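**Student:** Provided herewith is a single structure, encoded as structure tokens, for subsequent inquiry.
The values are calculated or read from the model by the stated rules, or taken from the named source; none is laboratory data. Computed from a predicted structure; not experimentally measured. Note that each Cβ is placed from the backbone with ideal geometry, even for glycine, and that neighbours are counted across all protein chains shown.
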């Protein structure tokens, strides 16, 4: 089973590429989505997050006010590090459990984890291949502002908190440029997935 890390900057189109990979038969693990569920009421990270950031980030129904939490952690590097210390070990454990389950089935050729912080968490070496989704900075900024309904200043803080996209692309095995039309992105993703399928049938040098 080929273990593939799918990463890239926020609002670059990882989910679009991940969905195509899944539709072509990959077993998909959405680490970013899992991290959000960890903070659901009663979830493994809910109490720790509330304890660190206080009742001000908790709505009356008990859910975490994610926009409020984001405003805190993207303005305060120490706060962001504290949140990562709570969330990342749980996400990594879930990722490895999901991969082990997929491998035990014996029929999964490609396991893909969609995760924004593969390099930042030191996980890159665990994967057999890394695919980076990348787009130009202005496109990324515009998408983020439109998607999350935030100002360009706020978007800039979020982009600055992640590893430089060019550095991610430099380290990758494959890069998918999503700057253009959706059809172009899907075609590039299809081409990369075909290469991954070929590799999944070959002996892995780092296996």
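**Student:** Does residue 186 qualify as being out of contact with any strand residue (DSSP E or B) (no Cβ under 7 Å at 6 or more places or on another chain) and either assigned to a loop (DSSP other than H, G, I, E, B) or exposed (fewer than 11 other Cβ atoms within 10 Å of the Cβ) (or both)?
**Tutor:** Values: out of contact with any strand residue (DSSP E or B) (no Cβ under 7 Å at 6 or more places or on another chain): yes; either assigned to a loop (DSSP other than H, G, I, E, B) or exposed (fewer than 11 other Cβ atoms within 10 Å of the Cβ) (or both): no.
Considered against the rule, which asks whether it is out of contact with any strand residue (DSSP E or B) (no Cβ under 7 Å at 6 or more places or on another chain) and either assigned to a loop (DSSP other than H, G, I, E, B) or exposed (fewer than 11 other Cβ atoms within 10 Å of the Cβ) (or both), residue 186 comes out as no.
**Student:** How many residues, within region 28-83, are at positive phi and surrounded by 14 or more Cβ atoms within 10 Å (Cβ to Cβ)? So that I can check it myself, show each step before the final result.
**Tutor:** Just the residues of region 28-83 that are at positive phi, to begin with: 42, 54, 62.
Still in the list and also surrounded by 14 or more Cβ atoms within 10 Å (Cβ to Cβ): none.
Count: 0.
**Student:** Scan region 161-172 and tell me whether some residue there is touching a strand residue (DSSP E or B) at 6+ places or on another chain (Cβ under 8 Å) and either over 27 Å from residue 73 (Cα atoms) or not in a helix (DSSP H, G or I) (or both).
**Tutor:** Checked against the condition, which is being touching a strand residue (DSSP E or B) at 6+ places or on another chain (Cβ under 8 Å) and either over 27 Å from residue 73 (Cα atoms) or not in a helix (DSSP H, G or I) (or both), region 161-172 yields at least one hit.
**Student:** Please go through region 103-112 and give me each residue that is part of a loop (DSSP other than H, G, I, E, B) and either surrounded by 15 or more Cβ atoms within 10 Å (Cβ to Cβ) or touching a residue at least 40 places away in the same chain (Cβ under 8 Å) (or both), ordered by number. Lay out the reasoning, then the answer.
**Tutor:** Restricting attention to region 103-112, the residues satisfying the condition of being part of a loop (DSSP other than H, G, I, E, B) are 106-109.
Listed by number, the residues that qualify are 108, 109.
**Student:** Mind counting the residues in region 132-151 that are touching a helix residue (DSSP H, G or I) at 6+ places or on another chain (Cβ under 6 Å) and either part of a helix (DSSP H, G or I) or modelled with pLDDT under 90 (or both)? Explain how you work it out, then say what you get.
**Tutor:** Here is the first cut: in region 132-151, the ones touching a helix residue (DSSP H, G or I) at 6+ places or on another chain (Cβ under 6 Å) are 132-134, 141, 144-145.
When the remaining residues are screened for being either part of a helix (DSSP H, G or I) or modelled with pLDDT under 90 (or both), the result is 141, 144-145.
The total comes to 3.
**Student:** Looking only at residues that are over 16 Å from residue 1 (Cα atoms) and buried (at least 18 other Cβ atoms within 10 Å of the Cβ) in region 91-102, which one is farthest from the chain's Cα centre (by Cα)?
**Tutor:** Applying the first criterion (over 16 Å from residue 1 (Cα atoms)) to region 91-102 yields 91-94.
Pick out the ones that are also buried (at least 18 other Cβ atoms within 10 Å of the Cβ) and you get 91, 94.
On the way: 91: 11, 94: 14 Å.
In this case the residue turns out to be 94.
**Student:** Taking region 4-27 as the region of interest, how many residues are surrounded by fewer than 19 Cβ atoms within 10 Å (Cβ to Cβ) and more than 23 Å from residue 140 (Cα to Cα)?
**Tutor:** The number of residues fulfilling the criteria is 4.
**Student:** A follow-up question, please. Return the pair list, or none, for Cβ contacts closer than 9 Å from residues in region 113-125 that are without any contact (Cβ under 8 Å) to a residue 40 or more places away in the chain to residues that are in a loop (DSSP other than H, G, I, E, B), at least 6 apart or on different chains.
**Tutor:** Hits for this filter: 121/115; 125/206.
**Student:** For residue 196, indicate whether it is touching a helix residue (DSSP H, G or I) at 6+ places or on another chain (Cβ under 9 Å), part of a helix (DSSP H, G or I), at pLDDT 95 or above and within 27 Å of residue 93 (Cβ to Cβ).
**Tutor:** Working: touching a helix residue (DSSP H, G or I) at 6+ places or on another chain (Cβ under 9 Å): yes; part of a helix (DSSP H, G or I): yes; at pLDDT 95 or above: yes; within 27 Å of residue 93 (Cβ to Cβ): yes.
Criteria met by residue 196.
**Student:** For the list (1) in a loop (DSSP other than H, G, I, E, B); (2) within 30 Å of residue 50 (Cβ to Cβ), I need the number of the one condition that residue 93 fails.
**Tutor:** Evaluating residue 93 over (1) in a loop (DSSP other than H, G, I, E, B); (2) within 30 Å of residue 50 (Cβ to Cβ) leaves (1) as the failure.
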